[in-house]
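The values are calculated or read from the model by the stated rules, or taken from the named source; none is laboratory data. This one's a predicted model, so the numbers in the text were calculated from it and none came from an experiment. Virtual Cβ from ideal backbone geometry, glycine too; neighbours counted across all protein chains shown. Accessible surface areas use protein heavy atoms only, side chains included; no ligands, DNA or RNA. Shrake-Rupley method; radii C 1.70, N 1.55, O 1.52, S 1.80 Å.
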Amino acid sequence: MYALPVTASPVVPQFRSGSSTQSSTSQSVINEQIVSHKFNTGFSYSASGHNIESADLNGYINPSTVADTTQTVNGVQFSWTSPSLEAVPRWKIKEAGQSFSLVEVLQSAGIDTITTINRTITTTSTTETTSVFGQ
């Protein structure tokens, strides 16, 4: 008996070209709080005017200071020097009966301001991938 040879035929795809698209979206949310503390670590004293002079025998015009003070606010420790309010300069009028002016400004030490900023940052990202194929 004779056997007939078997021939294999090649596999031929049934498509000629095509494409595939894949899309992915992600979102990120960041909640952020920023806290800022502004401190005055010393004091500021100023005086101005006209027809006035120091009443101190030595012409003293600066307040003396008291001991340093320490304070903690929201876990932040700070210290400052303050003036003795009993020792601020004393003023007198130079020429009695004449006009005069006196302006004193005392800015004390300590915490000045606390600024709190709360913000939310939302970010959305989309990635799209397209694959093209053909025969």
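Here are a few things to note about the model shown:
- Diagonalising the gyration tensor over the Cα atoms of segment 36-91 and scaling each eigenvalue by 5 before taking the square root yields semi-axes of 31, 13, 6 Å, largest first.
- Rolling a 1.4 Å probe across all protein chains gives Ile34 an accessible area of roughly 70 Å².
- Derived scalar couplings between HN and Hα for segment 46-56 equal 9, 9, 8, x, 9, 6, 10, 8, 5, 8, 6 Hz in order, rounded to whole Hz, by the Karplus curve 6.51 cos²θ - 1.76 cosθ + 1.60 (θ = phi - 60°), x for Gly and Pro.
- Solvent-accessible area, 1.4 Å probe, carbon plus sulfur percent, for the chain: 50 percent
- Residues Ser26 and Val132, FRET efficiency given R0 of 25 Å [Cβ-Cβ distance, rounded to 0.05]: 0.50
- Amide H contacts of Trp91 (H built 1.01 Å from N, under 5 Å, at least 5 apart or other chain): Ala55
- Ser108 paired with Thr69, simple spin-label distance in nm, labels 7 Å along Cα-to-beta-carbon: 0.5 nm
- Among 93-103, 75-85, sorting by the average number of other beta carbon atoms lying within 10 angstrom of each residue, highest first, gives 75-85, 93-103.
- Here the alpha carbons of the chain define both size measures, Rg and Dmax, at 41.4, 150 Å.
- Two-site FRET efficiency, His37 against Ile61, from Cβ-Cβ distance with R₀ of 35 Å, rounded to 0.05: 0.65
- Volume per residue for segment 96-135 equals 177 cubic angstrom (convex hull of Cα atoms).
- Highest to lowest packing among 114-124, 37-47, scored as the average C-beta count within 10 Å: 37-47, 114-124
- Where labels lie 7 Å past Cα in the beta-carbon direction, separation of Ala96 and Thr116 in nm: 5.8 nm
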